[in-house]
Amino acid sequence: MSDAAIQAPARRGRSVRYRLLAIALLPFLVVVPLLLALVIGRLNTKFDALLITKVNGDLTIAHQYFARILENTSDHIRALGESAAFRTIAAENSKPRLSDWLEESRKELGLDFLNILEDDGTLLATAPQTSEARSRRDWPVIVSAMAGTPSTAVDIFSAAELGAISERLAERARVELVPTTNAVPTDKTVETRGMVVHSASPVQLAQGRRAVLVGGILLNQNLVFIDTINDLVYRQASLPEGSQGTATLFLDDVRISTNVRLFEGRRALGTRVSATVRQAVLGEGRTWLDSAFVVNDWYISAYEPISDSYGKRVGMLYVGFLETPFRHEKLITLATIVGAFLFVTVLSVPIFLRWARAIFRPLEQMTDTISRVEGGDLDARTSLPAARDEIGRVATHLDELLDRLQARDRQLRGWNEELNKRVAERTRELEAANKELELTTKQLVMSEKLAAIGEITAGVAHEINNPVAVIQGNLDVVRQVLGSQVQLASTEFRLIDEQIHRIEDIVTRLLQFARPEEFAGYVERHAPREVIEHCLPLVQHLLNRAGIGIVEDHRATGLVLMNRTELLQVLVNLIVNAIHAMPSGGTVTLRDFDEDRQGTPGIVIEVADTGIGMDAETLARIFDPFFTTKSRQGTGLGLSISQKLILRQGGAISAISETGRGTRFLIWLPQSL
Ligand code: ADP
Ligand code: MG
């Protein structure tokens, strides 16, 4: 999971790089090769078409040459028949002379045979000499000549017919068949027929006899003929180096004259054309223009059918040139183009990569900066040189944004601190308020409690007062009844009186606590010193008993406003408590002095002892009603009543104590002017 998260940005970066590469190189790496392929393909087609056009032109030349041979033969024979020499010799009517002249003319014209055939088919004279007396006279060329029109055509002579002319001719015509792959299967092993340029022209003999001058050229193995065609068609330097022009004459599908070489330079006579070409040219009479496998190599080939005087397709004329050098050239061209392309590609890709790096490096730097910022480094910046392009501007912008972000962050932190401070402050205030509330609640609870206790104690006190009054009344009756006898139980009577007095005192105090207002007498102004001095005799016997000394220090200048009895009661309470706290003697200090509290002038009366003191827990509860640590002696009401009385006069009472060292009670009362 975390690995993927770490790798994700890297992959993203790479993908941007590759996408950039793809965008830039796609046209080059895809479109250019496509275009190249298209152009090369088109060039190839054009080139092939051009080759076909050339071979077609070559075939035309060969065809014309072949036609020329026929025409020339025709012209020669006609001219011969019409020549003065012939007329002279014909007039002589001497057969040997005619034969000699024919032989001479045949050699001169390069013919293979030259005969004079009479109307009835009798051979008047022949060259070369032969023993034959008659000859076929149904050849179309002869029939035409007999009828008076010179005629020339290609004819196929059988071996017998050739033999009748001369054994040598028959021998020359004979071509052994060479087994050839792709050719139409055959049982024949030898071709004995001859392809002949056959020409006949009418001549006039002595006594007006009509005859025909017949001449012919055997084309089988006529190498002069085929080499001439080849030289004519493929003149020196008309083909690229390494190529080779070829020309062939076919009788049926057999090469009877060719310059195509077999192995070891032997001419490929007797080999045969492929079945495909044979079917197209001989079978259908079409001209074949295409690449074809000739003997042992591929040639750009042109074949055309040759028809005999009967109009029958009897052979083919072929020209062509070796394809290999052209293919070679083509391949070299292709390789050059592809090579050039690859070279340019290999050269340009690194250059492009350098350019691309200039683009994606700032991007990477930005990504890096962002991830650093995300990682908490707010000081991270791209710090790219000033904006030169869009990306540079984006980077500058990013830096500016980061600056602003940092500033905001600082501001936020500041605010946060401020907020925290305020929260703490408020919390403190709240705590203080809570404490106050707690205190108020406590006080409220206390006043509730006091109110309830007041109700109860008031009732109880009245209920006790009545029986006590009855007891007192009855005791008086008992005294009167006893008269002087009373002396006998004077001690017991005194104790009973004392305890009754004590009950009355407690009840009075309870009522005073419960309903102090009922007991509030009139208030007067007193000097504290005077009140203190007045209360001392009340407790003198207690002080004496416990061996406690009194120290007085009077400094107060003003007067306090309070009911005299109440103030006396408060002071007596405090002095009695002090005496209780010093069971084994000590000193009570009574002090008064002026003190302002919250701008109000007042007087403090202090009662301090050197007694046992109090712990904090006790100190906190001393003003609670009924709180006492004196199990049997105490009522726990002394201090709470004292506090009530002082508070009613707008004053305050407080205590400072330390266990083992003593306690100081401070009564503050506003000064009365
Ligand atoms: P009481 O005297 O009946 O116990 P008070 O209200 O007068 O009731 O006093 C309450 C309690 O305060 C006393 O029980 C005592 O524990 C304590 N106290 C008062 N004055 C002193 C003092 N001067 N030194 C020590 N403890 C004192
Ligand atoms: Mg007391």
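The single condition among (1) touching a helix residue (DSSP H, G or I) at 6+ places or on another chain (Cβ under 6 Å); (2) within 30 Å of residue 253 (Cα to Cα) that residue 178 does not satisfy is (1). Residues of the stretch 364-395 that are open to solvent by 50 Å² or more (accessible area, probe 1.4 Å) and part of a helix (DSSP H, G or I): 364, 365, 367, 368, 370, 371, 372, 374, 390, 393, 394.
Note on the stretch 636-673: residues that are of a type in the set (Ser, Thr, Tyr) and farther than 22 Å from residue 588 by Cα amount to 1. Residues in the stretch 204-262 that are among the small types (Gly, Ala, Ser) and within 60 Å of the chain's Cα centre (by Cα): 242, 243. Once the stretch 547-563 is narrowed to residues that are in contact with a helix residue (DSSP H, G or I) (Cβ under 7 Å, 6 or more places away or on another chain) and touching a residue at least 40 places away in the same chain (Cβ under 8 Å), the residue that is farthest from residue 524 (Cα to Cα) is 548. Counting the residues of the stretch 274-287 that are closer than 18 Å to residue 181 by Cβ and either among the aromatic types (Phe, Trp, Tyr) or open to solvent by 60 Å² or more (accessible area, probe 1.4 Å) (or both) gives 3. Count of the stretch 635-657 residues, restricted to those that are touching a residue at least 40 places away in the same chain (Cβ under 8 Å), of a type outside the set (A, V, I, L, M, F, W, C) and within 13 Å of ligand 2 (Cβ to nearest atom), is 4.
Pairing each residue of the stretch 384-413 that is of a type in the set (A, V, I, L, M) with any residue that is open to solvent by 100 Å² or more (accessible area, probe 1.4 Å), provided the two are 6+ apart or on different chains, yields C-beta distances under 7 Å for 387/393.
Among the helices (runs of 4 or more DSSP H) confined to the stretch 559-673, the ones with at least 1 residues that are crowded, with 20+ Cβ neighbours inside 10 Å, more than 10 Å from ligand 1 (Cβ to nearest atom) and at pLDDT below 90 are located at 564-581, 638-648. Would you confirm whether any residue within the stretch 210-224 is part of a helix (DSSP H, G or I) and not β-branched (Val, Ile, Thr)? Yes: one or more hits. Filtering 572, 607, 588 for residues that are within 16 Å of ligand 2 (Cβ to nearest atom) and in contact with a Phe, Trp or Tyr (Cβ under 7 Å, 6 or more places away or on another chain) leaves a single hit, 607. Taken as a whole, the structure places residue 50 among residues that are over 30 Å from residue 128 (Cβ atoms), open to solvent by 40 Å² or more (accessible area, probe 1.4 Å), at pLDDT 85 or above and part of a helix (DSSP H, G or I).
Would you call residue 417 open to solvent by 100 Å² or more (accessible area, probe 1.4 Å), modelled with pLDDT of 85 or more and closer than 30 Å to residue 374 by Cα? Answer is yes for this residue.
Is it the case, given these coordinates, that residue 601 is within 14 Å of ligand 2 (Cβ to nearest atom), touching a residue at least 40 places away in the same chain (Cβ under 8 Å) and farther than 15 Å from residue 570 by Cβ? The answer is no for residue 601. Within the stretch 528-542, the set of residues being within 15 Å of ligand 1 (Cβ to nearest atom) and either assigned to a strand (DSSP E or B) or surrounded by fewer than 18 Cβ atoms within 10 Å (Cβ to Cβ) (or both) comprises 542 only.
The values are calculated or read from the model by the stated rules, or taken from the named source; none is laboratory data. Just so it is clear, the structure is predicted and the values come from calculations on it, not from any experiment. Cβ sites come from the backbone with ideal geometry, for glycine too, and all protein chains shown count toward neighbours. What goes into the accessible areas is simple: the full protein's heavy atoms, side chains included, and nothing from ligands, DNA or RNA. Shrake-Rupley method; radii C 1.70, N 1.55, O 1.52, S 1.80 Å.
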